[in-house]
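Undergrad: I am attaching a structure below and will ask some questions about it afterwards.
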Amino acid sequence: MKVVKYQMKVKITKNGKETTFERTFRHLVNARKFIKELTEDEDVKCTPLNSAGDTFTKECKGEKVSYFFEIKRIRIVKPKKETGKKEEAKQQQQEKSAPSPTQPTQS
C-alpha cells in the first residue's frame, strides 16, 4: 500500500503585493476543495488542474488578483524497524550459553 501526501505551494498576487505559503494535504480532493474555497470569493477565471508526473498546477487570474497553485505528490516513507540490534543481542546470548570450541571442556 502506497501512502502519499500532497504538498501545495500557493502564490497570491493582489494589488502588486505577492504572498506565498504552503499547505499539506492527505488527499488530493482536500487540496481541490481548498483551491475552490480560496478562489470562490474573487471574480477569477481558472485553468483546469494540469498534471505533469508528480506535479499538479493550476492558475487563476482576475482583475488585480492572480493565484498560482503547485501541488506535489510526495510518498510517505515509514521508518524501518531496527532489527539489527535485536539480532546482535540474540547472537550474543547464544554465544554465552554455548561453550566456545577453543576452550577445553573438562572430562
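Undergrad: How do the pairs read when you match residues in the stretch 58-82 that are among the basic types (K, R) with residues anywhere that are surrounded by 14 or more Cβ atoms within 10 Å (Cβ to Cβ) and assigned to a loop (DSSP other than H, G, I, E, B), using Cβ under 8 Å and keeping only pairs 6 or more apart or on different chains?
TA: The qualifying pairs are K58/L49.
Undergrad: Now, a different point. Of everything in the stretch 1-24, what is among the aromatic types (F, W, Y) and touching a residue at least 24 places away in the same chain (Cβ under 8 Å)? Give them in sequence order.
TA: Of everything in the stretch 1-24, just one residue is among the aromatic types (F, W, Y) and touching a residue at least 24 places away in the same chain (Cβ under 8 Å), namely Y6.
Undergrad: If a residue has to be surrounded by 10 or more Cβ atoms within 10 Å (Cβ to Cβ) and either of a type in the set (F, W, Y) or not in a strand (DSSP E or B) (or both) to count, how many in the stretch 65-85 make the cut?
TA: 3
Undergrad: For the stretch 30-45, what are the residues that are among the acidic types (D, E) and in a helix (DSSP H, G or I)?
TA: E37, E40
Quick note: the coordinates plus some simple rules give every number you see, no bench work behind them. All figures in this text were calculated on a predicted structure; none of them were measured in a lab. No Cβ is skipped: glycine too gets one built from the backbone with ideal geometry, and neighbour counts run over all protein chains shown.
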